[in-house]
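S.K.: Here it is: the structure, laid out below.
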Amino acid sequence: MFKKYLNPDSRIYHFFETAWNLILVNLLTLLCSIPIITVGASLSAMYDVLLRIRRKEEGVIHRGFFASFRRNFVQATILWVMFALVFLSFAVDYRFTVLYPETFPVPVRYVVITAAFLVFMVFLYVFPLQSHFENSIFMTIRNAAILSFSKIFRTIPMALVWVIPWAILNFSFPLMPLVLMLGISFPAYVGVCLYDKTFRLLEENQSAAEMEIKMETENE
């Protein structure tokens, strides 16, 4: 009976292997995000490894993570600073609507919340794209915006699943160790599962475009 569960091809074995990998990725992401400025590189590395886990191409987790961290550090850091400043401005605006309701009525607060949620939907695709495709900062943000709204029925579940860790902390603080183990990697992995098919199509289109360019160059 136990031999059946220890078989690498069994679903039980795959489940526990994936769970352990998610815990490891979560801890690496948290540790590498401690300086704050490195959050972008950590998220890029996390999404890179999670996509490999999804496709069963993970290899050695920590090596892949740190290799991606170094490769994406500069551009991912710039992207992180940009979005962090945007989210900080939304937080300040929201705070003002709470402190000064006479000046900023409730509808203004809802506008701020809606705008922040829309930006967050774009944010969900920025670092996966950064980790997987070579593009400029502008093109990465542009492509993230296109994906977030063209795949809206996948994007919304991707965004809502991030509520789970915060809900656990608010309603059951003793479960905080669970959040520390899976609070980042699990919601991100759900997102990976949702956009993996889209990324495969993008990879095929990119390969076809590169092949076309190569053929045109050879003909010249």
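S.K.: Do any helices (runs of 4 or more DSSP H) lying entirely in segment 127-191 carry at least 1 residues that are closer than 20 Å to residue 205 by Cα and without any contact (Cβ under 8 Å) to a residue 40 or more places away in the chain, and which ones are they?
M.R.: 137-150
S.K.: A further question on this structure: Under the condition of being under 12 Å from residue 37 (Cα atoms) and small (Gly, Ala, Ser), which residue from segment 67-88 is surrounded by the fewest Cβ atoms within 10 Å (Cβ to Cβ)?
M.R.: Out of the qualifying residues, it is 84.
S.K.: Here is a follow-up. For the subset of segment 72-102 comprising residues that are charged (D, E, K, R) and free of Cβ contacts under 8 Å to residues at least 12 places away in the same chain, which member is farthest from residue 29 (Cα to Cα)?
M.R.: In this case the residue turns out to be 102.
Each row is one residue, and each column tells you yes or no for (1) at pLDDT 80 or above; (2) touching a helix residue (DSSP H, G or I) at 6+ places or on another chain (Cβ under 6 Å); (3) closer than 26 Å to residue 24 by Cβ; (4) surrounded by 13 or more Cβ atoms within 10 Å (Cβ to Cβ).
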{"site": "162", "(1), (2), (3), (4)": "yes, yes, yes, yes"}
{"site": "177", "(1), (2), (3), (4)": "yes, no, yes, no"}
{"site": "184", "(1), (2), (3), (4)": "yes, yes, yes, yes"}
{"site": "191", "(1), (2), (3), (4)": "yes, yes, yes, yes"}
{"site": "201", "(1), (2), (3), (4)": "yes, no, no, no"}
{"site": "207", "(1), (2), (3), (4)": "no, no, no, no"}
{"site": "214", "(1), (2), (3), (4)": "no, no, no, no"}
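S.K.: Another question, if that's okay. Out of curiosity, is residue 105 within 16 Å of the chain's Cα centre (by Cα) and free of Cβ contacts under 8 Å to residues at least 40 places away in the same chain?
M.R.: So residue 105 fails the test.
S.K.: Condition first: loosely packed, with under 14 Cβ neighbours inside 10 Å and among the aliphatic types (A, V, I, L, M). Now tell me which residues in segment 120-155 satisfy that.
M.R.: Correct list: 139, 146, 152.
S.K.: Take segment 79-88 and flag every residue that is β-branched (Val, Ile, Thr) and either farther than 30 Å from residue 136 by Cα or within 16 Å of the chain's Cα centre (by Cα) (or both).
M.R.: Correct list: 81 only.
S.K.: Out of 115, 91, report the one residue that is under 24 Å from the mean Cα position of the chain (by Cα), farther than 23 Å from residue 143 by Cα and surrounded by fewer than 16 Cβ atoms within 10 Å (Cβ to Cβ).
M.R.: Being under 24 Å from the mean Cα position of the chain (by Cα), farther than 23 Å from residue 143 by Cα and surrounded by fewer than 16 Cβ atoms within 10 Å (Cβ to Cβ) holds for just one of 115, 91, which is 91.
The values are calculated or read from the model by the stated rules, or taken from the named source; none is laboratory data. Worth saying up front: this structure is predicted, and the values here are computed from it rather than measured. All Cβ positions, even for glycine, are placed from backbone atoms using ideal geometry, and neighbour counts span all protein chains on display.
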